[in-house]
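This report concerns only the one structure given below.
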């Protein structure tokens with residue numbers, strides 16, 4: 001059919017991680033026959049659809065699917081720096097379960113032309129929408145050669161709907177879902193915002209507001225994770241991702257498409273300004289913030305009306321749990337069918353726990369998340385009675401299990417599973433429970449000039465336990481609790497409200513540690529909360545990235561406020577910051593049980 005070649009999947013045992021943010025080398029999978037075809041798509045993008053891009057991808061059709069026996073489809077794309085090849089194991093797995101699959105390289109990546117627009121709806125979203133049209137039977141989009149001279153016949157094997165999700169009559173409307181992680185998660189929101197034919201999405205480890213992701217501020221929150229002004233730039237993550245995007249096409253790519261060298265190489269123009277501002281000043285200006293938010297679901301959340309299963313990583317210092325929480329709460333408030341999974345893995349630790357999930361060898365029977373994903377698609381794309389699982393599930397790394405990771409997941413009908421437990425700051429460095437009077441007074445930290453780090457510590461891009469945490473004297477304030485007498489499980493965002501004094505507008509960093517009986521301390525999941533204090537005369541409410549963590553008996557809680565961090569560019573002016581502990585609020589931890 002359609003001149004497609006037949007491939008047989010083979011089992012291999014070695015999975016090679018090749019790029020950050022979900023770029024995986026795709027091994028072949030298990031013993032099943034399917035048909036696949038490499039295709040090239042001509043799409044028109046931009047606000048006026050005047051820019052032509054050639055998109056490369058691979059179509060997979062299960063055996064037995066035909067015009068007389070149609071199947072629903074899944075559309076998926078790569079993480080940042082990857083290509084359509086990364087998702088081949090997933091579409092093969094879906095084909096094994098009766099789904100037509102189309103994996104493609106996003107704009108600027110993996111053989112696809114045009115520049116990277118950070119999943120902007122008018123570009124990446126519109127490109128994905130035209131691939132939806134192809135899956136729905138539209139002609140003139142797909143070709144079998146990169147020169148776009150050999151048309152591929154109109155596809156007639158995907159189930160079609162007659163009405164879109166706005167209730168309007170629709171043509172070329174496939175029954176289609178989307179899946180993918182990181183950059184391949186953000187595109188799902190962009191596509192769904194411009195195309196009501198898409199039926200459901202499963203975005204994994206992706207962002208709510210890119211201005212928070214790349215220059216987070218843990219105070220001054222307006223809504224979700226969006227803040228009045230940016231905090232401190234993640235110089236390591238930002239520089240790595242920017243370099244990955246610039247170099248992704250390679251010499252051959254630029255030779256074939258020299259337009260990508262003009263202005264900002266392989267990026268829309270504002271990205272070069274953004275990276276320059278972030279590295280030099282530690283923040284980005286209002287125009288850059290607006291541009292980043294335009295490529296973020298936070299700015300068009302009202303356009304998302306279809307069922308969404310969110311999956312976010314506990315070990316993720318790029319797109320933390322707070323981002324998925326912001327998206328979940330915004331969708332939930334509008335009555336959208338949305339559920340949430342907090343899994344163990346993320347950008348700072350890409351290896352999933354055993355029996356949890358695998359991009360390279362997905363298995364619905366032995367992997368908890370993979371099973372949840374397949375059930376979700378079956379329910380919304382097949383009109384089946386498949387269960388979609390609990391409202392909220394989170395992985396607990398302290399639970400012993402064998403095989404499928406389901407026993408390690410706690411479930412709840414609500415996202416807020418913990419009750420606040422207060423630890424009061426004391427000027428003698430203690431964190432005290434309620435009823436124990438703290439020592440009044442103040443603690444002072446000094447921020448470094450030029451936004452430089454104030455010590456040696458693990459990089460938040462991939463935290464390593466064997467790197468010491470040594471701060472320059474005077475640049476950090478610590479408060480530590482007494483050792484726990486019982487286990488304490490924390491699920492959610494730690495918060496604290498500080499009262500400070502400073503001669504300017506400093507940037508400091510809040511961190512929560514687990515202190516072992518031997519005195520060694522571990523920064524929980526490498527998570528750091530930058531705080532840009534624009535008005536030191538006012539209370540400073542701080543919402544830190546959410547955690548899922550068990551403090552074992554004998555272990556203690558530590559709150560640290562530091563004047564710099566090696567993974568960020570802080571405030572340019574060095575200055576003392578005095579924290580008045582008796583006027584500050586307690587450290588509040590959401591404790592389960």
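The values are calculated or read from the model by the stated rules, or taken from the named source; none is laboratory data. Computed from a predicted model, the values in this text were never measured in an experiment. Positions of Cβ are generated from backbone atoms using ideal geometry, with glycine treated the same way; all protein chains shown enter the neighbour counts.
At a glance:
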quantity: Residues located in the range 360-371, provided they are buried (at least 22 other Cβ atoms within 10 Å of the Cβ), touching a helix residue (DSSP H, G or I) at 6+ places or on another chain (Cβ under 6 Å) and either within 18 Å of residue 87 (Cβ to Cβ) or outside the structural domain of residue 321 (by TED's automatic domain parsing) (or both); calculated: 362
quantity: Qualifying residue in the range 37-54 (condition: in a loop (DSSP other than H, G, I, E, B) and buried (at least 17 other Cβ atoms within 10 Å of the Cβ)); calculated: no
quantity: Filtered residue count, the range 166-190, keeping only those that are outside any loop (DSSP other than H, G, I, E, B) and either surrounded by 23 or more Cβ atoms within 10 Å (Cβ to Cβ) or under 26 Å from the mean Cα position of the chain (by Cα) (or both); calculated: 15
quantity: Contacts under 8 angstrom Cβ, first residue in the range 458-476 being closer than 16 Å to residue 564 by Cα, partner at pLDDT below 75, 6 or more apart; calculated: 458/464; 458/465; 458/467; 459/467
quantity: Residue check for residue 526: under 27 Å from the mean Cα position of the chain (by Cα) and on the phi > 0 side of the Ramachandran plot; calculated: yes
quantity: Residue in the range 131-138 that is surrounded by fewer than 24 Cβ atoms within 10 Å (Cβ to Cβ), in contact (Cβ under 8 Å) with a residue 60 or more places away in the chain and in a loop (DSSP other than H, G, I, E, B) present; calculated: yes
quantity: Qualifying residue in the range 289-296 (condition: crowded, with 24+ Cβ neighbours inside 10 Å and farther than 24 Å from residue 460 by Cβ); calculated: no
quantity: From the options 80, 93, residue that is over 22 Å from residue 153 (Cα atoms), assigned to a loop (DSSP other than H, G, I, E, B) and either under 24 Å from the mean Cα position of the chain (by Cα) or modelled with pLDDT of 95 or more (or both); calculated: 80
quantity: Selection status of residue 507, crowded, with 24+ Cβ neighbours inside 10 Å and touching a strand residue (DSSP E or B) at 6+ places or on another chain (Cβ under 6 Å); calculated: yes
quantity: Matching residues in the range 375-417 - criterion: being closer than 22 Å to residue 165 by Cα, over 20 Å from the mean Cα position of the chain (by Cα) and part of a helix (DSSP H, G or I); calculated: 375, 377, 378, 379, 380, 381
quantity: Unique residue being assigned to a loop (DSSP other than H, G, I, E, B) and on the phi > 0 side of the Ramachandran plot when the list is 519, 504; calculated: 519
quantity: Given (1) more than 25 Å from residue 444 (Cβ to Cβ); (2) in contact with a helix residue (DSSP H, G or I) (Cβ under 9 Å, 6 or more places away or on another chain); (3) in a loop (DSSP other than H, G, I, E, B), index of the condition residue 548 fails; calculated: (3)
quantity: Out of 261, 214, 244, sole residue that is surrounded by fewer than 17 Cβ atoms within 10 Å (Cβ to Cβ) and not assigned by TED's automatic domain parsing to the domain that holds residue 84; calculated: 261
quantity: Test: residue 103 is modelled with pLDDT of 95 or more, assigned by TED's automatic domain parsing to the domain that holds residue 131 and either within 24 Å of residue 203 (Cβ to Cβ) or in a loop (DSSP other than H, G, I, E, B) (or both); calculated: yes
quantity: Lone qualifier among 117, 103 - being within 18 Å of residue 374 (Cβ to Cβ) and in contact with a helix residue (DSSP H, G or I) (Cβ under 6 Å, 6 or more places away or on another chain); calculated: 103
quantity: Set 312, 303: member being farther than 30 Å from residue 450 by Cα, modelled with pLDDT of 95 or more, crowded, with 19+ Cβ neighbours inside 10 Å and assigned by TED's automatic domain parsing to the domain that holds residue 187; calculated: 312
quantity: Criterion violated by residue 17 - all others in (1) at pLDDT 50 or above; (2) closer than 28 Å to residue 114 by Cα; (3) in contact with a strand residue (DSSP E or B) (Cβ under 9 Å, 6 or more places away or on another chain) satisfied; calculated: (1)
quantity: Single unsatisfied condition, residue 163 versus (1) surrounded by 18 or more Cβ atoms within 10 Å (Cβ to Cβ); (2) free of Cβ contacts under 8 Å to residues at least 40 places away in the same chain; calculated: (1)
quantity: In the range 463-483, residue farthest from residue 426 (Cα to Cα) [restricted to those that are modelled with pLDDT of 90 or more and part of a loop (DSSP other than H, G, I, E, B)]; calculated: 472
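One line per residue, one yes/no per condition, for (1) free of Cβ contacts under 8 Å to residues at least 60 places away in the same chain; (2) crowded, with 20+ Cβ neighbours inside 10 Å; (3) in the same structural domain as residue 477 (by TED's automatic domain parsing); (4) in contact with a strand residue (DSSP E or B) (Cβ under 8 Å, 6 or more places away or on another chain):
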position: 335; (1), (2), (3), (4): yes, no, no, no
position: 340; (1), (2), (3), (4): no, yes, no, yes
position: 351; (1), (2), (3), (4): yes, no, no, no
position: 373; (1), (2), (3), (4): no, yes, no, yes
position: 376; (1), (2), (3), (4): no, yes, no, yes
position: 386; (1), (2), (3), (4): yes, no, no, no
position: 393; (1), (2), (3), (4): yes, yes, no, yes
position: 402; (1), (2), (3), (4): yes, no, no, no
position: 407; (1), (2), (3), (4): yes, no, no, no
